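What follows is one structure encoded as structure tokens, with my remarks underneath.
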Number of protein chains: 2
Amino acid sequence: MDEHPSLAVSTVIFALRDSELWTPLVRRIRQPYQDRWALPGGWVAPQEGLETTAARKLLETTQLDPTYLEQLYCFGDIGRSPSGRVVSVVYWALVRPDQAERSSDDDNVRWFRADALPGLAFDHNRIVEYALWRLRNKMAHSSIAHGFLGETFTLAELRGVHEAVRGATLDPANFRRQVLAGGSIVPTGEHVVGASHRPPALYRYTDATLVDQGPLLASALTDRED
Amino acid sequence: MDEHPSLAVSTVIFALRDSELWTPLVRRIRQPYQDRWALPGGWVAPQEGLETTAARKLLETTQLDPTYLEQLYCFGDIGRSPSGRVVSVVYWALVRPDQAERSSDDDNVRWFRADALPGLAFDHNRIVEYALWRLRNKMAHSSIAHGFLGETFTLAELRGVHEAVRGATLDPANFRRQVLAGGSIVPTGEHVVGASHRPPALYRYTDATLVDQGPLLASALTDRED
DNA sequence: CCAAAAGTGTTAGGCTTACACCCATGC
DNA sequence: GCATGGGTGTAAGCCTAACACTTTTGG
């Protein structure tokens, strides 16, 4: 009864670049699937929480510090790793463009367009697909777009995030009204200067803007004592 | 690097009785939390899928065979078990009233009202709370109510499910129109007889009615080869 | 002045809500 | 017939989509 499966943590990371969704992958340096691209991750340490492990591995392998991090799913099919039973708790994360810049491509880390990935190790293609589906879902029902943006942003930038993720253009007028009526963002009073047109107002999210994760979030905030 | 946490699977089960949500719990027969009520579950066997484990443990401990079974969340906080690191993959399930009848209370299994549970073992109170939140969420956006019903049902029964879970009464006329317009149910042509009022029509879900789980479901159907 | 993007106004149509009303059965 | 719940009709109001229009900047 004490023969437990190996327990791993991996993370799907999304960032927005040129109105496209991109995701960083790491090259596997050992068998199985040596030299194939895979999600960043690693084994769960005995004295480390799952989300903490995800964040740490992310930082170690890609230098990224996400603005949003949420559990995606736990994958545990028996055949998913050729080298024995592995159960993977997978997280998904959003990073801002400026953070993504800091993690430039090198021999072991490379960014790919999220909808045009190569053949990945294990069942990681399927996992990214599911993460994409979840992102699109969440975008429609919550203010998750915040995770892609800085502290302040214009309505056009916010709209750009929605358009990129949903893959459709949105009416600027209606988008403005809907998002302002929602009450989750407020104008800072500042404006962008230097563009060759009318300067757009800057906005920021109100403090109360938390992505809806239900009862988990409240406890998660107190649990994180890293 | 090979010292992995213990991996368990547990399940939150919901059934509808007297327009209330009920959930069965099992009595712990060993330490820690001996004699406390807890979610049914057990360790993951090396050669068994996670969902399969959940279904098997469910049947073994409560004699229940759910009509719906979905992964809820993976709980892995370091302090959640006093007897060492345990990571629990938790599922949630729906059973029909007639199935629930078969699993009567005994010394080791007892049904509780889902919104009035005693103090459970481990972090199981928190887990049930989250499962309740997920159920209510899913009820609003999908045809998950099917899981509580038999093959055929009246619109009043379907409405009763929604009312019980949402905790509010619904306009029968509007409910009828909305659910029929959705196209996921069709009349069987039969009617209930024997009630002291106009006999209601029976309906059933169309074959195409699958609860929206995104890209996971398609593969899940092929993976399940039990 | 002109181009371009910000921001406002307005209208049509769809969906939700509320509630009045009719229908079919057992007693 | 009458009480009860099944089932239909309908109008008000809200939300959304579409698009015309005005505003403000740099060149």
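Couple of notes before you dig in:
- Dipole moment magnitude, nearest 20 debye, segment B:143-205 about Cα centre, only Lys, Arg, Asp, Glu C-beta charged: 140
- When the alpha carbon coordinates of the protein assembly as shown are projected onto the principal axes, the ranges are 77, 55, 38 Å, largest first.
- Shielding of peptide B:104-116 by partners, expressed as the average count of other chain Cβ atoms within 10 Å per residue Cβ, is 0.
- Across q = 0.08, 0.18 Å⁻¹, chain A modelled as identical point scatterers on its alpha-carbon atoms has Debye log10 I(q)/I(0) values of -0.33, -1.40, in the order of the q list.
- Accessible area buried at the B-A interface, both sides summed, 1.4 Å probe (Å², nearest 100): 3300
- In this simple spin-label model, placing a label point 7 Å from the Cα along the Cα-to-Cβ direction at both A:GLN63 and A:ARG27 gives a separation of 1.7 nm.
- Computed from phi, the 3J(HN,Hα) profile of segment A:130-146 under the Karplus parametrisation 6.51, -1.76, 1.60 (θ = phi - 60°) reads 5, 4, 4, 4, 5, 4, 5, 4, 5, 4, 6, 10, 8, 9, 5, 3, 3 Hz, with x in place of Gly and Pro.
- Percent antiparallel among DSSP beta bridges (both partners in segment A:6-140, rounded to 5): 70
- Neighbouring partner chain Cβ atoms per residue of A:70-77, average, 10 Å criterion: 6
- Sequence-separation-based contact order of segment A:6-140, relative, with Cα cut under 8 Å and 6+ spacing, percent: 33
- When you work out D = kT/(6 pi eta Rh) for segment A:98-186 at 4 °C and 1.567 mPa s, using the Kirkwood radius from C-alpha pairs as Rh and the Stokes-Einstein form, the result is 85 µm²/s.
- Among A:79-87, B:5-13, sorting by the average number of other beta carbon atoms lying within 10 angstrom of each residue, highest first, gives B:5-13, A:79-87.
- Taking B:PRO24, B:PRO97, B:PRO215 as the candidate residues, the one with maximal mean-square fluctuation in a Gaussian network model of chain B, Cα springs under 10 Å, is B:PRO215.
- Accessible area of segment A:35-155 belonging to carbon and sulfur atoms, whole % at 1.4 Å probe: 47
- For the pair segment A:135-197 / segment A:39-95, the C-alpha centres are spaced 29 Å from each other.
- Placed amide H near A:TYR68: partners under 5 Å, 5+ positions off or other chain: A:LEU94
- Simple label model, 7 Å out from Cα along Cβ direction - A:ALA156 to B:SER83, nm: 6.2
- Eigenvalues of the alpha-carbon gyration tensor of segment A:6-140, scaled by 5 and square-rooted, set the equivalent ellipsoid semi-axes at 21, 16, 16 angstrom, largest first.
- Subtracting the Cα-Cα distance of A:SER184 and A:ASP212 from 0.36 nm times their residue separation leaves 8.8 nm of extension gain.
- Distance between modelled label sites at A:ARG198 and B:ALA173, nm, 7 Å Cα→Cβ extension: 4.5
- In the protein assembly as shown, a dipole from Cβ-located charges (positive for Lys and Arg, negative for Asp and Glu) runs towards its positive end, and of B:PHE112, B:ILE127, B:LEU180 it is B:LEU180 whose Cα lies farthest in that direction.
- Beyond 16 Å, the tail of the calculated P(r) for segment B:143-205 holds 44 percent of the Cα pairs.
- A protection proxy built from the mean count of other Cβ atoms within 10 Å ranks the segments B:169-181, B:57-69, most packed first, as B:57-69, B:169-181.
- Degrees, to the nearest 10: A:155-166 long Cα axis against longest axis of chain A: 40
- On Cα atoms only, tilt of A:50-62 relative to the major axis of chain A in degrees: 80
- Computed over protein heavy atoms with a 1.4 Å probe, the accessible surface of chain A works out to 50 Å² per residue.
- Partners for A:LYS57 among lysines (Cα-Cα distance below 30 Å; same-chain residues under 8 apart left out): A:LYS138
- Chain A, relative contact order in percent, only Cα pairs under 8 angstrom and at least six apart counted: 20
- Contact order, relative form, for segment B:92-165: 39 percent (alpha carbon pairs under 8 Å, 6 or more residues apart, mean separation divided by residue count).
- P(r) tail fraction, segment B:123-162 - alpha-carbon pairs more than 17 Å apart, %: 39
- Listed peptides A:190-199, B:139-148 by packing density, highest first (mean Cβ within 10 Å): B:139-148, A:190-199
- For segment B:16-27, Karplus couplings with θ = phi - 60° (6.51, -1.76, 1.60), whole Hz, Gly/Pro x: 9, 9, 6, 6, 10, 8, 10, 9, x, 10, 10, 7
The values are calculated or read from the model by the stated rules, or taken from the named source; none is laboratory data. Fair warning: this is a prediction, and the values are worked out from it, not measured in the lab. Positions of Cβ are backbone-derived with ideal geometry, glycine not excepted, and every protein chain shown enters the neighbour counts. What goes into the accessible areas is simple: the full protein's heavy atoms, side chains included, and nothing from ligands, DNA or RNA. Shrake-Rupley method; radii C 1.70, N 1.55, O 1.52, S 1.80 Å.
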